[in-house]
Amino acid sequence: MSDTLIDTAAHEQPLCVLSAKDFSSGAHPVWCPGCGDFGVLAALERGLVKHGRPPHDVVLVSGIGCSSRLPGYMRTYGFHGVHGRALAVATGIKLTRPDLEVITVGGDGDGYSIGGNHFIHACRRNVDMLYVVMDNRVYGMTKGQPSPTTEPDWDSDIAPGGIGLRPFNPLAVAIAAGANFVARGFSGDPNGLADLIVEGIRWPGFAFIEVLSPCITFRPEQKQWKTMVRPATLSVEQDRAAATALVLADDGYSLGVLYRGERAPVAAVPKPQISVDDIEREFALGA
Ligand SMILES: Cc1ncc(C[n+]2csc(CCOP(=O)(O)OP(=O)(O)O)c2C)c(N)n1
Ligand code: SF4
């Protein structure tokens, strides 16, 4: 991979050369060998090298799940938080520290089930940050329960015969709710995913990338995804209604940018005029 020179004028850093290694914590991932999340980790490292900001300008926020372990494997700032609440934390960080590059990562259970409400409102708020979901259509960490994106007829010991429910369509929900950039990537194509990550970071507003990332332990059939994915033939629409309809008609294996919007991002909150001491005084018991 090629190295990238940091733009010193923009980032006020001494001139230095970044490589993917600079973004690695060196900790060995505990993921199952062959888990798709390895490809997403590689893509994030490569994407951040291309983007050109140093690790100390980047914050990775996650919830709980195999995929949510990712911030521990990178040498950026990180926040491994509570199940389904990562976007709320990320929103607070970005609004108070707009100078930082804020990226949220997690799984389909974390983001679309327990965190579904935060997902919808993060799209609606349109804060300038990136959300990467590693979708394996299962709860990997808790041993294979169906998730919101699981196919209705997926047969398993825990849900014999399948759950029979229509899967959640995260891309259509994101576009309809107001996300400004919506794309689908594949963990088996880390270079293509790295390009999507750079584009998502740089596009103003809330950028959402749904990544097909196989769970080879509980969904070994997902190894076939590599034969099913293909570049999207859908046109990139500025029209939310048309883009939502196109995404709904897609079979879920088209890769690339599927929607770019033109909404202005929410502005950062002004610096607080009140100190922590002031707040403590105000809330002191018996004051
Ligand atoms: C409040 C709460 N409820 C449930 C759990 C149990 N739990 C941990 S991870 C997880 C699901 C993770 O699935 P997903 O987000 O799809 O990530 P994956 O492990 O597949 O990467 C659940 C239900 C929890 N940790 N906290
Ligand atoms: S259980 Fe599935 S999602 Fe979790 S590390 Fe293993 S392959 Fe990856």
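What's the number of the only condition in (1) at negative phi; (2) under 18 Å from the mean Cα position of the chain (by Cα); (3) away from ligand 2 (no atom under 15 Å from the Cβ) that GLY188 fails to meet?
For GLY188, the failing item is (3).
So, ALA243, is that one away from ligand 2 (no atom under 16 Å from the Cβ), crowded, with 17+ Cβ neighbours inside 10 Å and under 27 Å from ALA42 (Cβ atoms) or not?
no
Taking the conditions exactly as written (of a type in the set (Ser, Thr, Tyr), surrounded by fewer than 17 Cβ atoms within 10 Å (Cβ to Cβ) and either at pLDDT below 95 or within 16 Å of ligand 2 (Cβ to nearest atom) (or both)), does THR96 satisfy them or not?
Yes; evaluated as a whole, the condition is true for this residue.
Out of (1) without any contact (Cβ under 8 Å) to a residue 40 or more places away in the chain; (2) away from ligand 1 (no atom under 16 Å from the Cβ); (3) not aliphatic (A, V, I, L, M), what's the single condition that is false for ASN126?
So the condition that ASN126 fails would be (1).
Looking at the stretch 177-195, which of the residues that are touching a strand residue (DSSP E or B) at 6+ places or on another chain (Cβ under 9 Å) and among the polar types (S, T, N, Q) is nearest to TRP225 (Cα to Cα)?
Going through the qualifying residues, I end up with SER187.
Any idea which residue in the stretch 143-171 is surrounded by the most Cβ atoms within 10 Å (Cβ to Cβ), counting only those that are of a type in the set (A, V, I, L, M) and over 23 Å from TYR131 (Cβ atoms)?
ILE163
What is the one condition in (1) buried (at least 23 other Cβ atoms within 10 Å of the Cβ); (2) in a loop (DSSP other than H, G, I, E, B) that MET134 does not satisfy?
It fails just one condition, (2).
When residues of the stretch 193-212 are filtered for being in contact with a Leu (Cβ under 7 Å, 6 or more places away or on another chain) and not in a helix (DSSP H, G or I), how many remain?
4
The values are calculated or read from the model by the stated rules, or taken from the named source; none is laboratory data. Source: prediction; values computed, not measured. Cβ coordinates were reconstructed from backbone atoms using ideal geometry, including for glycine residues, and neighbour counts include every protein chain displayed.
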